[in-house]
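Heads up: the structure comes next, in structure tokens.
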Amino acid sequence: LTACQHRSPVATPHSPTVAPSATSTSAAPSPSPEIDLATLKSRAQRAAIPVDAFKGKGVTAPNEDKFRQWAVTVLCGKQPSTNPDWRTSYLRLWSNKRIYVQNFVHAYATDSATRTVADVRSAHATCQQYQPGDGDTTTRKVLAPIPLANLPVEDSFAYCEDAGGATLCFAFLARGNLVSVVVTATSGTAVAATRGDLLAVIPIAANALATA
């Protein structure tokens, strides 16, 4: 990760991928009888970035490490076609003055997570700016896609946003029925640094997803 000042405090990003506030949560869908929810949750947890991934940056354990029912949304608030098949989500978050990294793993019952990534890619192609909603009136400018290659996943897509007082970068990684979302953030307009952080984290997240 690129060392950069003003990593913290960074407001929790109102991600186009997740709804982080308690008011934005929703009840978990009732799993189909053939779906072993306990096994699915175990896989989602194993697919998350390892807890000690950033000990070299002074964060020996995540600031948050938990299951919750985050609704999956995508860029510009558009809902992915896979939402009805979504079952559970797992979050790990690391934050100090040197880094800010969120990793959400969303698990579906049977659907391919590549559809979620495809929906993000499609939304990005038609969205130049948007406001997140839920009381957040900041206008976010959507920046160009970030090229990704040679990852042990089935599909991937990444990009950054200029959120005015912060820069946010996102990566979506799909494999099987799991999608791993990585978010990096920096106060101010340090796009290159935030993008560099994301590119450093993506291989870690991809390897965790591939071995879950």
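The values are calculated or read from the model by the stated rules, or taken from the named source; none is laboratory data. Just so we're clear, the structure is a prediction, and the values are computed from it rather than from any experiment. Backbone-built Cβ (ideal geometry, glycine too); neighbour counts: all protein chains shown. Just the protein is used for accessible areas: all its heavy atoms, side chains included, with ligands, DNA and RNA removed. Shrake-Rupley method; radii C 1.70, N 1.55, O 1.52, S 1.80 Å.
The number of residues in region 161-182 that are in a strand (DSSP E or B) and open to solvent by 10 Å² or more (accessible area, probe 1.4 Å) comes to 3.
From the list T39, T23, the lone residue that is over 30 Å from T137 (Cβ atoms), outside any loop (DSSP other than H, G, I, E, B) and either among the polar types (S, T, N, Q) or modelled with pLDDT under 95 (or both) is T39. Please determine whether any residue of region 97-104 is touching a residue at least 40 places away in the same chain (Cβ under 8 Å) and either assigned to a helix (DSSP H, G or I) or hydroxyl-bearing (S, T, Y) (or both). Checked region 97-104: at least one residue is touching a residue at least 40 places away in the same chain (Cβ under 8 Å) and either assigned to a helix (DSSP H, G or I) or hydroxyl-bearing (S, T, Y) (or both). Screening region 103-119 for residues that are hydrophobic (A, V, I, L, M, F, W, C) and within 23 Å of V201 (Cβ to Cβ) and picking the one that is most open to solvent (accessible area, probe 1.4 Å) gives A118. As a summary of the residue check, P145 satisfies the conditions (1) within 22 Å of A208 (Cα to Cα); (2) surrounded by fewer than 19 Cβ atoms within 10 Å (Cβ to Cβ) except for the one numbered (1). Restricting attention to region 120-135 and to residues that are open to solvent by less than 40 Å² (accessible area, probe 1.4 Å) and not small (G, A, S), the residue that is modelled with the lowest pLDDT turns out to be P132. For region 185-203, state whether one or more residues are outside any strand (DSSP E or B), open to solvent by less than 60 Å² (accessible area, probe 1.4 Å), of a type in the set (D, E, K, R) and modelled with pLDDT of 95 or more. Among the residues of region 185-203, at least one is outside any strand (DSSP E or B), open to solvent by less than 60 Å² (accessible area, probe 1.4 Å), of a type in the set (D, E, K, R) and modelled with pLDDT of 95 or more, which makes the answer yes. When you look at A158, is it surrounded by fewer than 24 Cβ atoms within 10 Å (Cβ to Cβ), out of contact with any Phe, Trp or Tyr (no Cβ under 7 Å at 6 or more places or on another chain) and either charged (D, E, K, R) or not in a loop (DSSP other than H, G, I, E, B) (or both), yes or no? Here the answer is no, as A158 does not meet what is asked. Do the conditions hold for T73, that is, is it at pLDDT below 75 and touching a Ser or Thr at 6+ places or on another chain (Cβ under 7 Å)? The answer is yes for T73.
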